Amino acid sequence: PAPSAAPPAAELLALDAVRLFVDRARAAQHDWTLADDNAPAVAEVCRRLDGIPLALELAAARVRSVPVALLAQRLIDRFRLVATQDSTVPPRQRTLARLIDWSHDLLQPGEQRLFRRLSVFAGPFTLAAAEAVCADEALPLDDIAEHLAQLVDKSLLVLQRDGGRYRLLDTVRQHAATKLRDSGEAAVHRRHLAHALALAEAARVPLGGPQRASALAALDADYDNLMAAHAQGLQLGGGAGASVANANAVHDDDSARQALRLCFALREYWISRGLVGPGLAALQRTLAHARLQAADALRARALFDTGHLFNLSGAPAQARGVLQDSVAIMQRLGEHAREAAILQPLGLAHAQLGEADQALRCFERAVLLSRQGRHTRQLAAALLQCASWHRLHGSPATADAHYQEALALAESLGDDELAAAAWVNLAMLALLQDDVADARLALAAAVPRAARAGALLSVLWVLDVACVLAAERGDKVLARHWLELSESHYRRAGLQRDPADAAFLDRWRQPLTVGPATR
């Protein structure tokens, strides 16, 4: 309503903005009520704030300490004082910025310090994370919980009731980030990077075992924060556009290296969650960093991860190039165990490029080095690759022996993803030999393991075999359904089947894509 025409309280409640203000005011002070005597002030507040929900929440949070009439007057004075001269900024955006700035200025010094430091979190965060990242001599750890509660009460911070996490709304976070940049507190970004790295590395081992599902869920919850920390690490390390603290910041090699280690820790997560494209982009940005050009084990590992993701995204030529560079570094350093790991995706790149002999040499050397080094999981993975080569090239007995050994190793480790891969490959091998009964048994064993693993590729392998089994019993409708579902996931995740799996499916693909569907 216009300032000269504020209606009675009952009529004001018909307005969405007023109802929101009243609701948030009562949340701040349970006995607060809208009455005819304060209705004009409430109307003025809503008008001044253009009905913007976040702005109304911020203002309403103040009624516990400021009468609404005084609140309206302060808003008038404040907006007149900080009126922007930038006519390119939309009026509603100017209104919200002014109110956030005003709310910030009313905070206690410790609350202000925490508010700006929380801007390093791009997504929801826990109390423990806030304590680890934001506390220091100027902001004692014991004060963090109380300051968080105050920021929630003042609507500058949201507490998510379902998971007990906090988050800053994007608009508020941008404002807080500006405050942090102006403060020059670069140490906050370093602590955030260290915290993110510790979290991701703690999940890396569980990702390869029985606790895989819970590890994936933990990374899901913090993924936005992890990627924000990665970007901050590159900036702190002197990457392109570095400006995290200020233009005169001293950059450090350690931050760039921590950003790279964060990529290492997230590789399996990216694959499992169908984030190969974003993961590959992050690795390439990191590899291009000026402080990470030394031909050492760290760079070799980065090249290895990049090549692996190139393979999965259907870019074998690029994969072959970076993986050959990685192998060369490891051979020069005498790191044979790591060489064995790199040879597997290198062999796959050769296979995708039609270089069968080179592929087999890579797979067989990976098996040999893994046996010599007694690296059980790596040996199981190398055996799977070697077996699939033999399956593709018409040696089912050799393929079966390798699959069986890989399966035994995977089961001994409790590694559901590797075990699911072994069972699915055994199902494919059985189908290629027209043994439908054994294929069904193998798929039945693969399904629960794939479900527990929570890895996208495991699920896609299961769908491909389910498609062929449905086709074998003449159910074209169901077979097409499984095929279309699998294909859509491959496309959405930016993944490609390896040569052996693609050849397996091609045997049944044409009958499924032509002619009428029958059941």
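Here are some notes:
- Here the Karplus relation 6.51 cos²θ - 1.76 cosθ + 1.60, evaluated at θ = phi - 60°, turns the backbone of segment 448-461 into coupling constants of x, 5, 5, 5, 5, 5, x, 9, 4, 4, 4, 5, 5, 4 Hz, with x for every Gly and Pro.
- This ranking places H192, H147 by how few other beta-carbon atoms lie within 10 Å of each, fewest first, which gives H147, H192.
- By the equivalent-ellipsoid construction on the alpha carbon gyration tensor, the chain comes out with semi-axes of 56, 29, 19 Å, ordered largest to smallest.
- Helical contribution to [θ] at 222 nm, DSSP H n ≥ 4, -39,500 (n - 2.57), averaged over the chain, rounded to 500: -23500 deg cm²/dmol
- Where Rh is the Kirkwood radius over Cα pairs, Rg/Rh for segment 386-519: 0.96
- At full extension, L441 and S214 could sit 78.9 nm farther apart than now, given 0.36 nm per residue minus the alpha carbon distance.
- Compared with the direct C-alpha span, the chain from V152 to E484 gains 114.9 nm at full extension, assuming 0.36 nm per residue.
- Residue separation of R285 and R507 scaled by 0.36 nm, minus their Cα-Cα distance, works out to 76.0 nm of gained length.
- Relative contact order for the chain: 9 percent, from Cα pairs under 8 Å spaced at least 6 residues apart, divided by residue count.
- Pair-distance distribution P(r) for segment 309-355, from all Cα-Cα distances in 5 Å bins starting at 0: 5, 25, 33, 20, 12, 5, 0 percent.
- Protection-proxy order for peptides 486-493, 47-54, each taking the mean of Cβ atoms within 10 Å per residue, highest first: 47-54, 486-493
- Volume of the convex hull of segment 279-374 (Cα atoms only), normalised per residue: 82 Å³.
- Segment 487-494 - phi-based ³J(HN,Hα) in whole Hz, Karplus 6.51/-1.76/1.60, Gly and Pro as x: 4, 5, 5, 4, 5, 5, 8, x
Values quoted throughout were computed directly from the atomic coordinates according to the rules given, and no laboratory measurement underlies them. Given the structure is predicted, the values throughout are model-derived calculations rather than measurements. Backbone-built Cβ (ideal geometry, glycine too); neighbour counts: all protein chains shown.
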